[in-house]
Amino acid sequence: MNQDPQDRREFLRQVPRLGATVLAAQWATASPQAHAQAQNPAPPVPAAPPPAAPAPGAGLPAHWQGKEQIAMLIYPDFTALDMVGPQYMLAGLMGAKVHLVAASREPVKSDTGLVFVPSMTLAECPRELDILFVPGGSRGTFAAMRDRTLVEWVADQGRRAKWVSSVCTGSMVLAQAGLLRGKRATSHWVTRELLANFGAIPVDERVVWDGNTVTGAGVSAGIDLGLEVVARLRDATYAQAMQLAAEYAPRPPFNAGTPRTAPPNVHALVSGRFDKLRAQMTESAKDMLSAPAQ
């Protein structure tokens, strides 16, 4: 089910209003005699007016309304699900502004051919971000790591952002920008151990937090990362409502989602495809920016 972000926000607003809505409906469908009795009650019992509809947002915890500025970087040949998974969750944050940022406003094609239209350029992006997010990919991500202008932008924004985040090999872009030095971080299993070449501490976990940095493992881990971020920005109830709205209850048909559980022949087949990429990213560590660790 595809939901507009506004629809998901409205879903959350409706939760505390359901009781009042039911009472109002009961009033509207009451018999004429009941209305007459309510309008002209026998003394001394006063008539009870129908329940007033609560104002939008009434009854919601104050901390459920925010004003975060979130920038999600996209670049040619990035992996769409790396971005779309967490974007679904972050776009449901009431009051938050989620920006798709690219080098220009020209459409950006993902590595599988999906096309995205940026909402702003690097130069137009807010200078003070609450969250900077970088998705991963393969050849497209290596090209991003070699794009000096883009990496310097990531380094600059990352040093000032409240939180810095990535999914999959997006952490390699953060590492190239010098933002993971001395930090625990994860990446897609193909490149995770390469983080050590950039001064990071590789961790084999689905989502890894270290101070104001949060990194996710490969592709589908972005949904988990998005939910964890939502829980920290709002609370567990808000995140659980987002999870339920997305019906996120994975039951994969195969137990081959990690190198530990995949059959050896499958692991060898997939791993071998990335030998060149690993070599390129290892070499790229020599040109890591000297950005200080956060």
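Read-outs throughout are calculated quantities, based only on the coordinates presented, and are distinct from any laboratory measurement. Just so it is clear, the structure is predicted and the values come from calculations on it, not from any experiment. Every residue, glycine among them, receives a Cβ derived from its backbone with ideal geometry; neighbour counts consider all protein chains shown.
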Q: Give the peptides 166-177, 238-249 in descending order of average Cβ contacts within 10 Å, highest first.
A: 166-177, 238-249
**Q.** segment 124-136 - phi-based ³J(HN,Hα) in whole Hz, Karplus 6.51/-1.76/1.60, Gly and Pro as x
**A.** 8, 5, x, 6, 10, 9, 7, 9, 9, 10, 10, x, x
Q.
Under 25 Å between alpha carbons, and skipping anything fewer than 8 positions from LYS183 in its own chain: which lysines qualify?
A. LYS162, LYS286
Q.
Defining a contact as two alpha carbons under 8 Å apart and six or more residues distant in sequence, what relative contact order in percent does segment 73-117 show?
A. 51 percent
Q: Using per-residue counts of other Cβ atoms within 10 Å, averaged over each peptide, order 103-113, 216-226 from highest down.
A: 216-226, 103-113
